[in-house]
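Presented below is the structure to which this report refers.
What follows is calculated from the coordinates using simple rules that are stated; it is not laboratory data. Since we're looking at a predicted model, the values are computed, not measured. Cβ: placed from backbone, ideal geometry, glycine included. Neighbour counts: every protein chain shown.
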Amino acid sequence: MVELFEQHIKTDERQSSKGNQLKWENQNVWYKADYAGYEGLAEYIVSALLGYSTLASEEYVLYQTEKIHYRHSQYLACRSDDFLPEGWQLITLERLFQNMYGESLNRSVYSIQDYAGRVRFLTEQTVRITGLREFGVYLSKLLTIDALFLNEDRHTHNIAVLLDDMGKYHYCPVFDNGASLLSDTTMDYPMTGEVFVLMGEAKAKTICQDFDEQLDIVEQLYGQHIKFRYDAKTIDRILSEEAYYPEDIKQRVRQILVSQKRKYRYLFTDNVASTEGLV
């Protein structure tokens, strides 16, 4: 268990539709407490499974679960190393657009009726401001991850770029997947609910509410740029190595992951350590 104190509390501009988690930073390690359910477990397993993808290790943030003592309470949480080099800034697309035009990017995107037009506008504006020419490819990867893991919190306050100390922009590693895998058990996805019904209620937030529609559009516009190579044994091993969360939550997460792997089988290669099929 890690003990944290008032001086470690951090706030940032990034907004979550699920509420604001307690966050701390201590000795270049960030901690986030669970707020609505099992966000820490979701961060842990999504980042672990990204390690079984074609992403390079520097393209995503790796999370571990943690138990935290803060003031008079204990929290389940996750931790990650600070990935920002000294002098660099993380800037959300919302703030980027606000700084350039004095307007809300989210409102501007959603004022466009055509979903493909929304994707093009978001991408073209980001390229125009940052010079990151392959941002469409980056967005395709993000929305693929969101569809596979049912991440409900990928909006313009939660997509970011990095600005270095020389004024040059860089792609941000994939981070903040805590709203994945039906992790909100407090309001939206109670543990008593039927998993497959609840999965059908999960909503995207980047371009529209439908994960598949978002994914289809970015694949048509920018191509498909990420593949996965994990199976049931991989999922079971990663869950078994986690020390804090109860078994009923882990079994629900497993059920979701297995179902999503079947649904998006075209995203997977046969190159896995085990040939055992998902059951």
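Of all the options Cys172, Cys78, Cys208, the one that moves most in a Gaussian network model of the chain with Cα springs shorter than 10 angstrom is Cys208. What whole-number distance in Å separates the alpha-carbon centres of region 133-177 and region 29-81? Cα centres, region 133-177 to region 29-81: 17 Å.
Projected label points at Arg265 and Lys67, each 7 Å from Cα along the beta carbon direction, are separated by 4.1 nanometres.
Rounded to the nearest 20 debye, the dipole size of region 89-222 about its Cα centre is 560 debye, using +1 on the Cβ of Lys and Arg and -1 on the Cβ of Asp and Glu.
Going 7 Å from the Cα of Glu59 toward and past its Cβ, which residues in region 159-198 have a backbone nitrogen under 18 Å from where you end up? Inside the label zone: 159-162, 170-177.
For region 180-241, chymotrypsin sites (Phe, Trp or Tyr not before Pro) are listed when DSSP marks them as loop and at most 10 other Cβ atoms sit within 10 Å of their Cβ; the list is empty. Placing +1 on the Cβ of every Lys and Arg and -1 on the Cβ of every Asp and Glu, with no other charges, gives the chain a dipole of roughly 360 debye about its Cα centre. In the chain, the DSSP-assigned H stretches of four residues or longer account for a calculated mean residue ellipticity at 222 nm of -11500 deg cm²/dmol, using -39500 (n - 2.57) per stretch and the full residue count as denominator.
Between the listed residues Gln89, Tyr245, His157, the Cα displaced farthest toward the positive end of the dipole of the chain, a dipole computed from Cβ unit charges relative to the Cα centre, is found at His157. Once the Cα-Cα distance is subtracted from the 0.36 nm per residue extended length, the Arg133 to Asp212 segment shows a gain of 26.0 nm. Sparse packing (at most 12 other Cβ atoms within 10 Å of the Cβ) combined with a DSSP loop state is found for the following trypsin sites (Lys or Arg not before Pro) in region 49-128: Arg71. With a threshold of 29 Å on the Cα-Cα distance, the over-threshold entries among Lys32/Lys261; Lys205/Lys227; Lys23/Lys233 are Lys23/Lys233.
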